[in-house]
Amino acid sequence: MSTGDTPFGRAAQDDVWETSSVVHTERPPIRAYPANVTYTNLIAENRRKSSFLVALLIGLAILVGAAAGVVVGGARGGGQEAAMAALAGAAILGVIASLGAAWSWNAGPGAILSMAGAREIEKADDPQLFNVVEELSISGGMPVPKVYLIDDPSLNAFATGRDPANAAVAITTGLRATLTRDELAGVIAHELAHVRHYDIRLMMLMATMAGMIVVASDVTRRMLFYGGLNGGSGRSSRGGGGKQQGGNPLVLVLVVLSIVLLIVAPIVATLIRLAISRQREYLADAGAVELTRYPEGLIGALEKLGACRIPLKRQNEAIAPLFMVNPSKAAVERGLQDRSNLFMTHPPLHERIARLRALT
């Protein structure tokens, strides 16, 4: 079936497609490359990659907490003091990250919708949009999320919420006016796939964890380099050297390694978080095909999103990974959404479209 052969409103296809629904009743076989790879394989592969990246980020957070403890509290003592300081640092960072995660769990979705300038609408405001959301929600076996509009001529959408029972989907007015019904179904299915896969909760928690790593690293480095550690390194050297100068050489090596870790950890945390975001986009694309059984709808939507050169009015790096495509002004105006880069929040559009075409 070509892109132009839409299943909606075509009487000749009534025996194959359900014309009033966004979900195709006779489902074509899903294929991916190579030929023996299925949608289930894609889901499993993406989940394995995401789980590995999440484990890396958690491990990095523990190491950063331990490194901060060593630099702040263990530099003057011996091996035992350094070990206790490392445990204390890891525990403190864990507590802070837990508090941040609790905030993101309870207040995060509302804050995200507010930052995006989204307003909730009712079914009477846009019956077709609600019908699409309701049909796809039923197909996915999940509660119908709240629907929001963002008064913005740019083309984009996102989902938020801590779980399917407390979810919301938001779409810009520009995208709503541009898409056909098939393409709208592809976009909504993509966002609902994020909800079904608990991506929203995962990304909020990963953003909190990465933020804690950045803050902990920055504060500890500032304390170190501006003389805030143990009364200042300058006073230690002028005061005849005490334990810090004549301490255990292995501890001093550990302190140096901890400082190096604190310098590189924010960059690594950012790369891991962005890699997780890219993997979840691939997974949501495949999940959208599972819901609609019509890859061409999402392909058409992604092509229109990639061709748009109108950036979002409200720019916020904190919520950029949640959008369907990179909403930053530089990415949209310069067409960077199709670039492959470790610091990109989303995978290249041509790769996403290629994977979807392999499912047709």
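Just so you know, all these numbers are worked out from the coordinates, no wet-lab data involved. Just so you know, these numbers come straight off a predicted model, no measurement behind them. Cβ: placed from backbone, ideal geometry, glycine included. Neighbour counts: every protein chain shown.
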* At most 10 other Cβ atoms within 10 Å and a DSSP loop assignment: could you name the GluC sites (Glu not before Pro) in region 269-360 that fit? => E317
* Asked: What is the gain in length, in nm to one decimal, between D338 and E351 on full extension, counting 0.36 nm per residue of separation less the C-alpha to C-alpha distance?
  -> 3.9 nm
* Among A101, A111, G300, which residue has its Cα positioned farthest towards the positive end of the charge dipole of region 30-357, with +1 placed on the Cβ of Lys and Arg, -1 on the Cβ of Asp and Glu, and the dipole taken about the Cα centre? -> A101
* Total charge dipole magnitude, region 30-357, about the Cα centre, Cβ charges on Lys, Arg, Asp, Glu only, Debye to nearest 20 -> 1140
* Using 0.36 nm per residue, how much length does the chain from W105 to V256 gain when fully extended, once their Cα-Cα distance is taken away? -> 50.7 nm
* Given region 30-357, what count of lysine pairs have C-alpha atoms under 27 Å apart, with each pair 8 or more places apart or on different chains? -> 8
* Hey, what do the phi angles of region 163-176 turn into as Karplus ³J(HN,Hα) couplings, whole Hz, using 6.51/-1.76/1.60 and θ = phi - 60°, x for Gly and Pro? -> 6, x, 6, 10, 10, 8, 10, 10, 9, 6, 5, x, 5, 4
* Simple spin-label estimate for S98 and A358 in nanometres, 7 Å along Cα-Cβ -> 4.2
* Extension reserve of the V214-F52 stretch, reckoned as 0.36 nm per residue once the Cα distance is removed -> 56.3 nm
* Asked: Ranking F225, F343, F130, F158 by Cβ neighbours within 10 Å, fewest first, what do you get?
  -> F343, F225, F130, F158
* Asked: Taking the Cα centre of region 278-360 as the origin, how large is its charge dipole in debye, to the nearest 20, when only Lys and Arg (+1) and Asp and Glu (-1) carry charge on their Cβ atoms?
  -> 220
